[in-house]
Amino acid sequence: MKKTLLVIAGPTAVGKTALCVEMAKSFHTEIISADSRQFYQELSIGTAKPSVEEQGGVPHHFIDSHSIHDYFSPGDFERDALNILADLFQTHDVVILTGGSGLYLKALMEGLDDMPDVDLALRERLMKDLESDGLESCFAQLQCLDPEYAAKVDAQNPQRVIRALEVCLSTGKSYTSFRNQQKAERPFEMIKICLDRPREELYQRIDARMDMMLKAGLVQEAKDFEAFQDRYALKTLGYKEVYGFFRGEYDETEMIRLLKRNSRHYAKKQMTWFRHQDDFEFVHPDKALDYIQGKLK
């Protein structure tokens, strides 16, 4: 049997974890997580990290693998995940990759553009600039150095803005000049599916999940790490809305409304990204296992 990477992607709350655990048990294999927020050891509730019970005894790589104080780029993930895959394929014919973070999935599936090495001191300085001056200041600098990329990038994504800035500053060239969009060759086959549910069904699941997060202590978790709210890991959905509440920008009712609304918007953005990829099959979670088994045969 050829070595196969099963890519199980999809938006938040669609049901990736339960399905991947079921598949991992069916194929006697392990899971590589490409959820960029579940890397962080300190954060569990706001990142919807699967509990030990939900992981069902299946090894999950890249959950609790890093600290909120670490910088772990898609390129770092690509390198480390490929090394883990090489080891897993020694004893498994099938390995599962799952997550909703498009850039991290893309890094492992296709590779990233060949970017120059960046001095660690520069990276640390830019991260400090991000904390002290804010994302808008960093983005304004990027607009000066590479207006073409600045016009395309998500200006609210600190990781992408900082990555482009560090390349510009370390090379004296634009970030755009290094982007060639060529896919890397991988020594394994891939089956790629994106889990999909009717919109209302997905939105009901998102609202229910947010209610569970709040009941589980999301506000207290955000409070525990309030001193680090400028870290990339905490400038994200689920935490930034709570910090707005802490600052008195709105009341608790509005905080809950924003948490649910922004989660739905995020899911819509994720699905837009997946639909723009040319090789994902869109499958309802209830039909995914049969679909994968058919493809493997």
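Entry remark, the range 218-241: residues being within 14 Å of GLU252 (Cα to Cα) and outside any helix (DSSP H, G or I) number 2 in total. Taking the conditions exactly as written (of a type outside the set (Lys, Arg) and in contact with a Ser or Thr (Cβ under 8 Å, 6 or more places away or on another chain)), does GLU254 satisfy them or not? Spelling it out, it is not the case that GLU254 is of a type outside the set (Lys, Arg) and in contact with a Ser or Thr (Cβ under 8 Å, 6 or more places away or on another chain). Only one entry in SER44, SER51 is of a type in the set (Gly, Ala, Ser), in the same structural domain as GLY99 (by TED's automatic domain parsing) and surrounded by fewer than 16 Cβ atoms within 10 Å (Cβ to Cβ), namely SER51.
Residues that are polar (S, T, N, Q) and part of a loop (DSSP other than H, G, I, E, B) were ranked within the range 154-167; the one that is surrounded by the most Cβ atoms within 10 Å (Cβ to Cβ) is ASN157.
Within the option set SER44, SER36, being at negative phi, in a loop (DSSP other than H, G, I, E, B) and modelled with pLDDT of 95 or more holds for one residue only, SER44.
Tallying residues that are within 21 Å of GLN90 (Cβ to Cβ) and either in contact with a helix residue (DSSP H, G or I) (Cβ under 8 Å, 6 or more places away or on another chain) or polar (S, T, N, Q) (or both) within the range 12-33 yields 7. Determine whether the range 237-260 contains at least one residue that is among the polar types (S, T, N, Q) and modelled with pLDDT of 95 or more. Within the range 237-260 (the criterion being among the polar types (S, T, N, Q) and modelled with pLDDT of 95 or more), the answer is yes, since at least one residue qualifies.
In the range 57-153, counting only helices (runs of 4 or more DSSP H) that sit wholly within it, the ones holding 3 or more residues that are within 26 Å of VAL21 (Cα to Cα) span 74-88, 102-110. Residues that are over 20 Å from the mean Cα position of the chain (by Cα) and not basic (Lys, Arg) were ranked within the range 208-220; the one that is nearest to ALA13 (Cα to Cα) is ALA208. Comparison of ALA86, ALA13 shows that the only residue that is more than 15 Å from the chain's Cα centre (by Cα) and either surrounded by fewer than 21 Cβ atoms within 10 Å (Cβ to Cβ) or in the same structural domain as PHE188 (by TED's automatic domain parsing) (or both) is ALA86. Scanning the range 90-122 for residues that are of a type in the set (D, E, K, R) and surrounded by fewer than 17 Cβ atoms within 10 Å (Cβ to Cβ) gives ASP93, ASP113, ASP114, ASP117, ASP119. ASP278 passes every criterion in (1) acidic (Asp, Glu); (2) part of a helix (DSSP H, G or I); (3) in the same structural domain as SER26 (by TED's automatic domain parsing) apart from (2). Can you confirm whether VAL21 is over 26 Å from GLU226 (Cβ atoms), surrounded by fewer than 23 Cβ atoms within 10 Å (Cβ to Cβ) and touching a residue at least 40 places away in the same chain (Cβ under 8 Å)? Taking the combined requirement at face value, the residue does not satisfy it. The combined condition, being in a helix (DSSP H, G or I), surrounded by 12 or more Cβ atoms within 10 Å (Cβ to Cβ) and touching a strand residue (DSSP E or B) at 6+ places or on another chain (Cβ under 9 Å), is not fulfilled by ALA267.
The values are calculated or read from the model by the stated rules, or taken from the named source; none is laboratory data. These numbers come from a predicted model, not from an experiment. Every residue, glycine as well, gets a Cβ built from its backbone with ideal geometry; the counts of neighbours run over all protein chains shown.
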